[in-house]
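No value in this document is a laboratory result; all are computed from the given coordinates. Computed from a predicted structure; not experimentally measured. Cβ atoms come from the backbone with ideal geometry, glycine included; neighbour counts cover every protein chain shown.
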């Protein structure tokens, strides 16, 4: 195994995460909500299984946001920032995935923190 290659892969992945914050204003909102939920979980003393549920939905939202950002960048590159009806549909679908994950995370959060 080449440790330098693995280290570079990790470095590139961190650069990708940084790009999500740079490219996507909603990432800042996700970050703030993530911090609030984590602090609330610590204060409330949620159970290990509740932590698992919270961590899974937080990760799901972040993964969807990262893929959405990548898809938007690819679409913009493909059509050089000009309107294209199919590209609009693709971007809407990717955005919809983030919305689905976000709604699911709210539902899980309500279950964890209210019951």
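Summary table below
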| quantity | calculated |
| --- | --- |
| Folded to 0 to 90 degrees: helix 85-114 orientation relative to the chain principal axis, Cα | 10 |
| Label-point separation, residue 89 to residue 6 (7 Å along Cα→Cβ), nm | 4.4 |
| Cα Rg, Dmax, the chain, angstrom units | 17.0, 50 |
| Cβ-based exposure ranking for 38, 60, in which fewest neighbours within 10 Å come first | 38, 60 |
| Förster radius 30 Å - calculated FRET efficiency between residue 78 and residue 33 (Cβ-Cβ, nearest 0.05) | 0.45 |
| Sorted by Cβ neighbour density within 10 Å, fewest at the top, the residues 75, 55 | 55, 75 |
